[in-house]
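Peer 1: Just passing along the structure, written as structure tokens.
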Amino acid sequence: MKSEYIGNTDLLKLQMVAFFSSRTIASEFVLPCYDWATSLDKTETCVVSGFQSPIEKDVLHFLLEKDVPVILVLGRCLYKLVPPELKTALDKGRLLIISISSSPRQSKETATQRNKYVVDMVDHVCFGSISETSSLYSLYLYARDGGKDVVMLGNKHK
């Protein structure tokens, strides 16, 4: 798998934590995700995700507002034009965008590849909320069984 980059590759040297949350999330698990994102210090850690689900997008917004370093991993080809909401972070050196696919659109397959790629590059994985029926549940097992430090903000799994 060939990766392409836009942004500050020095972010790859920082301590990294992945963040994932299901597309559908119970309302009682939303606030813990927001609290987690706003509690991060901009010098403490770099957050890595695809930032695709609504909660992941909200978390990205909070992280960008606080200047927390972010690595956005795409399950598609790189942007031809960087979205305006990412431009400031990119210009400040607080963002790295990685593409792991040459496909013009993300598919379920490339999203799964992207998520495993993210888990493989970090030591810590934070899940906002997942259920056993979620497509992220297999990723949770992959991370846990791969020896990653896994934190669940919402519902708890063993």
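The values are calculated or read from the model by the stated rules, or taken from the named source; none is laboratory data. Keep in mind that this is a model prediction, so the values were computed, not measured. Don't worry about glycine lacking a Cβ; one is built from the backbone with ideal geometry, like all the others, and counts go over all protein chains shown.
Peer 1: So, in region 25-48, how many residues would count as being exposed (fewer than 12 other Cβ atoms within 10 Å of the Cβ), hydroxyl-bearing (Ser, Thr, Tyr) and outside any helix (DSSP H, G or I)?
Peer 2: As a first pass, look at region 25-48 and keep what is exposed (fewer than 12 other Cβ atoms within 10 Å of the Cβ): 26-28, 31, 35, 39, 41, 43.
Next, from what is left, pick out any that are hydroxyl-bearing (Ser, Thr, Tyr): 27, 39, 43.
Narrowing the set further to residues that are outside any helix (DSSP H, G or I) leaves 43.
So the answer is 1.
Peer 1: Which ones in region 133-158 are of a type outside the set (Ser, Thr, Tyr), without any contact (Cβ under 8 Å) to a residue 24 or more places away in the chain and either within 17 Å of Gln52 (Cβ to Cβ) or not in a helix (DSSP H, G or I) (or both)? Break it down into steps so the answer makes sense when it comes.
Peer 2: Step one: of region 133-158, the residues of a type outside the set (Ser, Thr, Tyr) are 136, 139, 141, 143-158.
Narrowing further to those that are without any contact (Cβ under 8 Å) to a residue 24 or more places away in the chain: 141, 144-145, 147, 156, 158.
Across region 133-158, the qualifying residues are Gly147, Lys156, Lys158.
Peer 1: So Phe51 ticks every box in (1) in contact with a helix residue (DSSP H, G or I) (Cβ under 7 Å, 6 or more places away or on another chain); (2) part of a loop (DSSP other than H, G, I, E, B); (3) farther than 26 Å from Lys2 by Cβ; (4) not basic (Lys, Arg) but one. Which box is left unticked?
Peer 2: (3) is the only condition that Phe51 fails.
Peer 1: Only one of Ser53, Ser49, Ser22 is within 23 Å of Thr133 (Cβ to Cβ), under 11 Å from the mean Cα position of the chain (by Cα) and modelled with pLDDT under 95; which? Spell out the reasoning first.
Peer 2: On the way: Ser49 fails: modelled with pLDDT under 95; Ser22 fails: under 11 Å from the mean Cα position of the chain (by Cα).
None of the others qualify; the one that does is Ser53.
Peer 1: Right, something else. Filter region 89-112 for residues that are part of a helix (DSSP H, G or I) and modelled with pLDDT under 95 and give the result. Explain how you work it out, then say what you get.
Peer 2: First pass over region 89-112, keeping only residues part of a helix (DSSP H, G or I): 89-92, 108-112.
Correct list: Lys108, Glu109, Thr110, Ala111, Thr112.
Peer 1: Further question on the same structure: Looking only at region 67-88, count how many residues are surrounded by 21 or more Cβ atoms within 10 Å (Cβ to Cβ) and part of a loop (DSSP other than H, G, I, E, B). Spell out how you get there, then give the answer.
Peer 2: Initially, region 67-88 is screened for residues surrounded by 21 or more Cβ atoms within 10 Å (Cβ to Cβ), giving 68-75.
Going one step further and asking which of them are part of a loop (DSSP other than H, G, I, E, B), we end up with 68-69, 75.
Count: 3.
Peer 1: Name the single residue that is modelled with the lowest pLDDT among those in region 120-131 being among the aliphatic types (A, V, I, L, M) and crowded, with 20+ Cβ neighbours inside 10 Å. Explain how you work it out, then say what you get.
Peer 2: Just the residues of region 120-131 that are among the aliphatic types (A, V, I, L, M), to begin with: 121-122, 125, 130.
Restricting the remaining residues to those that are crowded, with 20+ Cβ neighbours inside 10 Å gives 122, 125, 130.
Numbers: Val122: 96, Val125: 97, Ile130: 83.
It comes out as Ile130.
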